[in-house]
Amino acid sequence: QGGGLGDYVAPSAFSFDDIGGQAVAKRELIEALDFMVHSAATAELGIRPLKGILLCGPPGTGKTLLAKAAAAYTDSVYLTCSGSDFIEVYAGVGAGRVRSLFKRAREQAKKLGKSGAIIFIDEIDVLGAKRGGDRGHLEYEQTLNALLVEMDGLKADDPIRVLLMGATNRPDLLDAALMRPGRFDRQIQVDLPDREGRKHILQIHMRNKPMATDVDLEAVARETIGFSGAQLESVANEAAILALRAGDKEINGDQLKNSIEKVLIGEAGDRKAIE
Ligand code: ATP
C-alpha cells in the first residue's frame with residue numbers, strides 16, 4: 001500500500017489465539033472491545049463510547065499483536081504508525097498528520113465496507129508526552145492538541161467507529177489530558193510472560209517447525225526467565241537455523257538450548273555496543 005502515515009494494513013485473520021500468554025491482557029481487551037462491537041446497545045444505555053485503549057509494557061511483549069487481533073475481532077480496518085512519525089520541526093505538520101490519519105481511517109473503512117477502524121500508535125509517549133517542561137515546544141503542543149480534538153470528536157453514533165490504541169513502556173510520561181475519562185480511559189498492562197506464557201509463546205512459534213522427540217518446551221520455558229515474546233520467537237527461529245546448518249530435518253533439544261544462549265549473548269553484545 002502506498003507510503004504515507006498510518007499505512008493501512010488489510011484486516012487479517014490474526015486472532016487472539018495467535019498470541020501466547022497475556023491471559024489477563026487479552027481478557028481485559030476483549031471486554032473493552034465488546035463495548036465497541038455492541039455499540040448500539042451501549043449507546044442506548046447512554047454509555048459513552050470507548051475511544052482509547054492504552055497498552056503498557058516492555059518491548060516485544062505482544063502489544064502490536066494485541067492491536068492487530070483487536071482489529072480482526074471487531075472486523076475493523078487497522079492503521080498503524082509510530083509516535084515519532086508525528087514529530088516534525090515545522091509547526092503544524094504533526095497536527096496535520098494527526099488529522100489526516102483519522103480521516104484516512106474513516107475513508108479506508110468506508111471503502112472496504114467496514115463499520116470500524118482501529119488506529120494503533122506505537123511509542124505514543126513520543127507524541128503524547130506531558131506538555132510544558134523541556135518538551136514544551138509549540139509544535140509538540142499543537143500535535144498533542146490535535147490528537148485530543150480527534151478523540152473528543154469520536155461519537156457513539158458515528159457511522160464508522162474509530163478506536164485509538166496506543167502502546168507505551170512509559171505511561172508516566174503521558175500528558176494528563178490523554179488519561180482523562182473519554183480519552184485513554186482503559187489501560188491494559190502487557191508484561192513479560194511468566195513460565196506458562198513462555199511455554200505457550202514457544203508452542204506458537206514452534207508449531208510450524210518439525211521437532212525431534214527430545215524437545216521439551218516446558219524446560220525451555222523454565223530456562224528463559226525474563227525473555228520477551230520477541231526474544232522467544234528469536235529462540236525458535238535461531239534453533240531452526242542451527243538445524244538447517246547441521247543438515248537436520250528436525251530441531252533437537254540441544255539446538256534449542258544453544259539458541260537460548262545465542263539470543264542472550266546476541267543481546268549482551270548489542271548492549272556492549274551501545275555502552
Ligand atoms: P514494541 O513495543 O517493541 O513494538 P510489542 O509489545 O508491540 O513491542 P510485538 O511487535 O507485538 O511487540 O511483538 C514482536 C514479535 O514478537 C511478534 O511479531 C511475535 O513474533 C513475537 N511476540 C511477542 N509477544 C508475543 C506473544 N505474546 N505471543 C506470540 N508471539 C509474540
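By the rule of a C-alpha distance below 16 Å, with chain neighbours fewer than 8 residues away ignored, the lysines paired with K155 are K51, K103. Summarising the overall dimensions of region 152-275 from its C-alpha atoms, the Rg and Dmax are 20.3, 60 angstrom. Across the options I124, G226, A236, the greatest Cα extent toward the positive end of the charge dipole of the chain (unit charges at beta carbon of Lys, Arg, Asp, Glu) belongs to I124.
Using just the helices of the chain, give the 222 nm mean residue ellipticity in deg cm²/dmol: DSSP H runs with n ≥ 4 each add -39,500 (n - 2.57), and the total is spread over all residues, rounded to 500.
Details: 10 runs with 128 residues, N = 275.
Calculated mean residue ellipticity at 222 nm is -14500 deg cm²/dmol.
Among V190, N145, L178, pick out the residue whose Cα is farthest towards the positive end of the charge dipole of the chain, where Lys and Arg carry +1 and Asp and Glu carry -1 on C-beta, about the Cα centre. Looking along the dipole axis, the top candidate is N145. Computed over the alpha carbons of region 167-212, Rg followed by Dmax gives 17.4, 54 Å.
Annotation: the chain has a Kirkwood hydrodynamic radius of 20.3 angstrom, from the mean reciprocal C-alpha pair distance.
Sorted by average packing, counted as other Cβ atoms within 10 angstrom per residue and highest first, what order do 48-58, 142-152 take? Let's see the in-between values first.
Working: 48-58: 21.0, 142-152: 19.1.
Highest mean packing first, the order is 48-58, 142-152.
Near N252, the amide H atoms lying under 5 Å from its own belong to A212; only residues 5 or more places off or on other chains count, and H is placed 1.01 Å from N.
If the limit is 31 Å between Cα atoms, which of K26/K209; K63/K114; K111/K199; K68/K199 go over it?
On the way: K26/K209 26 Å; K63/K114 23 Å; K111/K199 40 Å; K68/K199 22 Å.
In this structure, K111/K199 exceed 31 Å between Cα atoms.
For the chain, the dipole from Cβ point charges (+1 on Lys and Arg, -1 on Asp and Glu) about the Cα centre works out to 680 debye, to the nearest 20. In this structure, A40 and E88 have a Cβ-Cβ separation that, at R0 = 51 Å, corresponds to a calculated FRET efficiency of about 0.85. The mean sequence distance of close C-alpha pairs (under 8 Å, at least 6 residues apart), as a share of the length of the chain, puts its relative contact order at 24 percent. Under the criterion of Cα pairs below 8 Å and six or more residues apart, the relative contact order for region 161-274 equals 24 percent.
Antiparallel DSSP bridges in region 74-198: what percent, to the nearest 5? Walk me through the numbers before you get to the answer.
Values: 1 of 14 bridges.
Given both bridge residues lie in region 74-198, the antiparallel proportion sits at roughly 5 percent.
Seen from K51, the other residues with C-beta closer than 13 Å to its C-beta sum to a net charge of +2, counting Lys and Arg as +1 and Asp and Glu as -1.
Within 10 Å, count the other beta carbons around each residue, average over each peptide in 16-25, 202-211, and list them highest first. Display every interim value, and only then the final one.
Values: 16-25: 18.7, 202-211: 16.0.
Top to bottom by mean Cβ count within 10 Å: 16-25, 202-211.
Relative to the longest principal axis of the C-alpha atoms of the chain, give the angle of the C-alpha long axis of helix 253-274, reported between 0 and 90° and rounded to the nearest 10°. Around 50 degrees separate the two axes.
Helix 195-206 axis versus longest C-alpha principal axis of the chain: approximately 80°, rounded to the nearest ten. Ranking N252, A167, T61 by Cα position along the charge dipole of the chain, where only Lys, Arg, Asp and Glu carry charges on their C-beta atoms, puts A167 farthest toward the positive end.
Taken together, the values in this text are just the output of simple stated rules run on the coordinates, not laboratory data. Being a predicted model, the structure only gives us computed values, none of them experimental. So basically every Cβ, Gly included, is an ideal-geometry build from the backbone, and we count neighbours across all protein chains shown.
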